[in-house]
Every structure is written in structure tokens, then in C-alpha cells.
Protein chains: 2
Amino acid sequence: MADVISAQGTGEQLLSEQETVALIELMFFAYRDFVSDPDEILGTYGFGRAHHRVLHFVGRDPGMTVQRLLDILRITKQSLGRVLKELIGKGYIFQKEGEADRRQRLLYLTEAGEELRQRLMDPQIGRIRRAVALPEGDAAHLYRTVLYRMVSPANRETVRDWIGRAGLPGDAQDGG
Amino acid sequence: MADVISAQGTGEQLLSEQETVALIELMFFAYRDFVSDPDEILGTYGFGRAHHRVLHFVGRDPGMTVQRLLDILRITKQSLGRVLKELIGKGYIFQKEGEADRRQRLLYLTEAGEELRQRLMDPQIGRIRRAVALPEGDAAHLYRTVLYRMVSPANRETVRDWIGRAGLPGDAQDGG
DNA sequence: GTAAATATGTCAATATGGCTGACGTAATTT
DNA sequence: AAATTACGTCAGCCATATTGACATATTTAC
């Protein structure tokens, strides 16, 4: 870590281009392997990554509306439609009419859905736990902070609201 | 950071499921935004994410073979074929017969290719630099370490060889 | 020197997961 | 009563991946 360029005088340093490129590529390799385990499992069910996302987020917030799911996934309702239909058809998700607003079709996981969601998540939990199990300080905290700061400022409030309960660092003062 | 479960007695701690799920989701959100800037630029060229990957990796290792590129990207040559043909056709990449082995078609960026690669990389460099510009210790180093440990052990040697020059931490003792 | 393996390219068919645009229905809000 | 919202669906298109098959040139192995 010798070739850093000093920055705003606040103690932070500007990463060299070479070091930053290494991080860009590590993002690619890490993400590739991060999704490889669930991908394999999904294959045996005839599902894809899109199904995983739906299962995961519905499981995290049971009773969510279709619109909320679309906002999180950032896809169109037509794209979601096919995936959702398959998940419902195969008995992993069911819908319930909203009580307050009967236009809504609130989303829930069936028992099979909960099971599959957990099965898909297990290898990722293991991978992350092992990755952050470092002797040097609080690696998990710093990792979370950096990932959070990778999110575009315009999206941070939404992300923060979603993650919420698991605790995020105080919002920093950068305009990325 | 209260609800951690102590682990192997080496000072590391096991992350709670809740905290780990937050990291899983942050991976998703961070990666989504991380690729959003290049995606926008690529659209104006009629290119997609696949073209970006090819431009990036060829630019990082000019003269690489097609096979080496396939190994890095982990796609089939048929998938690469179309993308490569478009990049060559539009003048961003050119091929040169290998001198030692004349079967090889070594890959290089044209000047336009170099320019586009840099243009696509710039916002990602900025995003990462801002994300790791933290007062708390060496955030970049820790971030790189964690990302590296997210890579499957079976792939770490390849990744390490690739990243190499930018310096990676000593290989740790986990069997992820 | 012939046979086998390697590096690359290409044709064809298929799957997944996105997209836009248009239209319809039911329920809620104004 | 009219406008808006929540949702679903049909149809077509695009990008990116897949498998399998086949061809060509070159290098390596026996």
C-alpha cells in the first residue's frame, strides 16, 4: 500500500489506479462466485437467478406488494410476471388480497418457498461468514460500510430502509 | 455489532444470520449500482455488459489468447464469438496471429478501444475510490482481502495470478 | 510422417431474463 | 363521475448465455 496519493487532508488517501482496477476485477470475480452456489441449486428446480431474487426478497418481507418488489428489483412488471407465475404455479409463493386495499395481491412464501429460500441462502451465508472472519479488527463492519458506499447516493435511502434492521453506518459525506 | 457468536477462539467471530443477510443484500445493491454507469455509456454505442468485459480484460492484458479470455470470462466460445466479432467490426479490437503459435489470434485494443475502455472504467474508479476513502484504517486493504476471500478457493489461484501485480494478501487458511 | 490434439471460427437451435407498448379489470381516490 | 392506482396479460423484440456439430489450420506426439 505504498503508492497511494494523499487526498483531502482528512487522513483518507486516494487509491492508485492500479489498486482500484484490482478492486474492480475482484468485484467481478467475487460476485461471479458468490452467485455460483445458488445458481447450481436453482438449475435442479428449473429456476434461474430471477426466481432466487423474488424468493429472497419476498421471504425477507412477507406480505409485500407487487409494486414494492418491482421497486426493489428494478425490473418491469412484465419481466416479473413470468417469474412470479412460475413460482406461484410450482407452489413456492402465494398471494393474498390486501385487507386495507383489495387491489393489492400481497406476496408470501409457502413452506416449500421458505425451505428453498433457506437452501439457496445457506451457501452464501457460509461464504460471507468465512470471508469476513479475519483477525484484523471488525472486517464485517468495514465491509458493510464500503458496500453501502458503493451504492449510488440517490439509492442509499431506499437501501438503508430495506436493510434497516441489520444496522448500517451513519450516512457519510460523499457525493458518489 | 453486539449479536455475534464467538468462533474458533482465534479472535474471529461468527456473524449473526441477520448481519450476514444484510451483507448478501448489499452485495446485490452494490453490484447493481456498480455496473450502472458503464451500462449507460455502453447503450450509446449499441454495446452491452459482455462487450465491456471483453474490452476491459483485453486492455489489461494485451496480446492475450482467445482461450485465456474464455477462461477468465467463463463463457463458451460461441457466446464470445458474437461479441468479439462486433467489437472487431466496429474497430475497438484487432487480432494478430501468434508468432510462436500461428493458430492463435492474439487480442489487442485499438486506440478507440483503449479510449472506450478508459471511459467505461472512469466512473467505476471514482465510485470505488470514494467508497474506500474512510478514516478508519486501511479500508481498501480490508475490502480487497474480503472480496478475495469471497472467491471460491478453487478459483483463487487463477484470480491471484490475474490480479497479481496489484498485490493481494497472503492466502488465508479457510476452506470456503 | 501420420495421427492426435489444440486454437479458433461458425452454423443452428434453444433458454433466460430483460425491455416497450398496449389493453383490461377491479378498486380506490379525487 | 372521473382519474388514478395496483395488478395482470398479450405480443414482439433484444442481449446474452447455452449445447451440439462441423471445419480449418497448426502444433505435438508417437
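Interface residues of region B:135-159, defined as those losing at least 50 Å² of solvent-accessible heavy-atom surface relative to the isolated chain (probe radius 1.4 Å), are listed as B:GLU136, B:LEU142, B:TYR143, B:ARG144, B:VAL146, B:LEU147, B:ARG149, B:MET150. Spacing of the modelled spin labels on A:ASP39 and A:SER152, each 7 Å from Cα toward Cβ, amounts to 2.5 nm. Computed over protein heavy atoms with a 1.4 Å probe, the accessible surface of the protein assembly as shown works out to 48 Å² per residue. Taking chain A as a Gaussian network of alpha-carbon nodes connected by springs under 10 Å, the highest mean-square fluctuation of the residues A:SER36, A:SER16, A:SER79 belongs to A:SER16.
I'd like the interface area for chains B and A: accessible area of each alone minus the complex, both sides summed, 1.4 Å probe, protein heavy atoms only. What is it in Å² to the nearest 100? Display every interim value, and only then the final one.
Values: alone 12090 and 12110 Å², together 16770 Å².
Separately minus together, B and A give about 7400 Å² buried.
Largest GNM mean-square fluctuation across B:PRO135, B:PRO153, B:PRO38, computed for chain B with C-alpha springs under 10 Å, falls on B:PRO135. Modelled spin-label separation between B:ARG82 and A:GLN18, with each label point placed 7 Å from Cα along the Cα-to-Cβ direction: 3.9 nm. Once you reduce region B:84-149 and region A:81-156 to the center of their Cα atoms, the two points are 31 Å from each other. Within the accessible area of the protein assembly as shown, the carbon and sulfur atoms contribute 49%, probe 1.4 Å, all protein chains present.
A label point on A:THR44, set 7 Å along the Cα-to-Cβ line, lies at 4.7 nm from each of its counterparts in the other copies, closest listed first. Taking the Cα centre of region B:44-176 as origin and assigning +1 to Lys and Arg Cβ atoms and -1 to Asp and Glu Cβ atoms, the resulting dipole is close to 460 debye. Counting Cβ atoms of other protein chains within 10 Å of each Cβ in B:54-63 and taking the mean gives 1. The label-point distance for A:HIS141 and B:GLN118, in a model that sets each label 7 Å from Cα toward Cβ, rounds to 4.0 nm. For A:LYS85, which lysines qualify as cross-link partners when the Cα separation must be under 24 Å and same-chain residues fewer than eight apart are set aside? Qualifying lysines at Cα under 24 Å: A:LYS77, A:LYS96. Between the helical axis of B:139-150 and the longest alpha-carbon principal axis of chain B there is an angle of about 80 degrees.
A straight chain from B:ARG160 to B:GLU97 at 0.36 nm per residue would run longer than the Cα-Cα distance by 19.9 nm. The value of relative contact order for chain B, using C-alpha pairs under 8 Å at least six residues apart, is 16 percent. The residue among B:THR145, A:HIS51, A:LEU116 whose Cα reaches farthest toward the positive pole of the charge dipole of the protein assembly as shown, with charges on the beta-carbon of Lys, Arg, Asp and Glu, is A:HIS51.
Looking at the protein assembly as shown, what % of the alpha carbon pairs are farther apart than 33 Å? Above the 33 Å cut-off, the protein assembly as shown has 34 percent of its Cα pairs.
Build a GNM of chain A with springs between Cα atoms under 10 Å apart, and of A:ILE41, A:ILE24, A:ILE93 the one that fluctuates most is A:ILE24.
Computed over chain A, the per-residue total of -39500 (n - 2.57) for DSSP H runs of n ≥ 4 gives a 222 nm mean residue ellipticity of -19000 deg cm²/dmol, rounded to 500. Eigenvalues of the alpha-carbon gyration tensor of region A:16-132, scaled by 5 and square-rooted, set the equivalent ellipsoid semi-axes at 30, 17, 13 angstrom, largest first. Principal-axis analysis of the Cα atoms of chain B puts helix B:17-34 at an angle of about 30° to the longest axis.
The values are calculated or read from the model by the stated rules, or taken from the named source; none is laboratory data. What you are looking at is a predicted structure, and each value in this text was computed from that prediction instead of being measured. Every residue, glycine among them, receives a Cβ derived from its backbone with ideal geometry; neighbour counts consider all protein chains shown. We work out accessible area using only protein heavy atoms, side chains counted, and drop any ligands, DNA or RNA first. Shrake-Rupley method; radii C 1.70, N 1.55, O 1.52, S 1.80 Å.
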